[in-house]
Amino acid sequence: MTKAERLEKEKSRLAEMRVYENRLYDQGCNFIAGTDEVGRGPLAGPVVAVAVILPRDFAILGIDDSKKLSAKKREELFVLIEENCIAYGVGVVPHDIIDEINILQAAKLAMTFAFEQLEPRPDHLLIDAMTLPQISCPQTGILQGDSKSVTIAAASILAKVIRDRMMLGYHEEYSCYAFDSNKGYGTKAHYDGIRENGLCPIHRKSFFKGLF
């Protein structure tokens, strides 16, 4: 495939990821927000969500589900999204609140926090795989939304980069758990650190019930 053909293929993919947004624009919406969270699976650290509003003519190539992108590509896109978006908000729910209310409710709370920071207020909210009844805004839950909506994908990239940076900071305090490489997920190095040192202050204690 030639460079020109790859470019056209990428433009076509991005156009497919704008279907939900274009439908809402056609219905009269001016500001469409997308929200997504990262960090539901890790054993340590917070869950982080971002809500973002993109301009109607947003056309930065390479936007995709953050899990499909390299760390370098996410960092590059983070800068471009931040520079070109209309607004974005960040919601962070720490490990101790996750232990109190469970990870699903914590993820919803983080997305709510992120949404509440948006200005202007969105006309519609697109969410990955769920809806948030506590938010009084028309909304659409899209299964695998971070692969099907450019706005949700942008939110997922921002959230992933923000959380990864937080976990790098935690690595400076708790280096024995290899948070710099695993970001709190349950890798061998992480479990080795737990076996040798026990749990640290940012571990989600509810994820280890009966073990420690």
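Just need a number here: residues in segment 88-128 that are of a type outside the set (Val, Ile, Thr), surrounded by fewer than 20 Cβ atoms within 10 Å (Cβ to Cβ) and touching a helix residue (DSSP H, G or I) at 6+ places or on another chain (Cβ under 6 Å). Please lay out each step first, then the result.
Filtering segment 88-128 for residues of a type outside the set (Val, Ile, Thr) gives 88-89, 91, 94-96, 99-100, 102, 104-111, 113-126, 128.
With the extra rule that they be surrounded by fewer than 20 Cβ atoms within 10 Å (Cβ to Cβ), the set shrinks to 94, 96, 99-100, 102, 104-105, 113, 116-117, 119-121, 123.
This time we only want the ones that are touching a helix residue (DSSP H, G or I) at 6+ places or on another chain (Cβ under 6 Å), so: 99.
Within segment 88-128, residues that are of a type outside the set (Val, Ile, Thr), surrounded by fewer than 20 Cβ atoms within 10 Å (Cβ to Cβ) and touching a helix residue (DSSP H, G or I) at 6+ places or on another chain (Cβ under 6 Å) number 1.
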Next on the checklist: Return the pair list, or none, for Cβ contacts closer than 7 Å from residues in segment 1-30 that are surrounded by 10 or more Cβ atoms within 10 Å (Cβ to Cβ) to residues that are acidic (Asp, Glu) and assigned to a loop (DSSP other than H, G, I, E, B), at least 6 apart or on different chains.
Outcome noted: Cys29/Asp123; Asn30/Asp123
Next on the checklist: Which residue is farthest from Ile53 (Cα to Cα), if the candidates are limited to segment 158-212 and must be assigned to a helix (DSSP H, G or I) and among the basic types (Lys, Arg)?
Outcome noted: Arg195
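Residue by residue, here is whether (1) free of Cβ contacts under 8 Å to residues at least 12 places away in the same chain; (2) loosely packed, with under 14 Cβ neighbours inside 10 Å; (3) within 30 Å of Tyr88 (Cβ to Cβ); (4) of a type in the set (A, V, I, L, M) holds:
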position	(1), (2), (3), (4)
Ile157	no, no, yes, yes
Met166	no, no, yes, yes
Gly198	no, yes, no, no
Lys209	yes, yes, no, no
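Okay, residues lined up against (1) of a type in the set (A, V, I, L, M); (2) touching an Asp or Glu at 6+ places or on another chain (Cβ under 7 Å); (3) more than 20 Å from Gly39 (Cα to Cα):
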site: Ile53; (1), (2), (3): yes, no, yes
site: Phe78; (1), (2), (3): no, no, no
site: Ile81; (1), (2), (3): yes, no, yes
site: Leu104; (1), (2), (3): yes, no, no
site: Ala114; (1), (2), (3): yes, no, no
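Bear in mind these aren't lab numbers, they're just calculated from the coordinates by the rules spelled out. This one's a predicted model, so the numbers in the text were calculated from it and none came from an experiment. Positions of Cβ are generated from backbone atoms using ideal geometry, with glycine treated the same way; all protein chains shown enter the neighbour counts.
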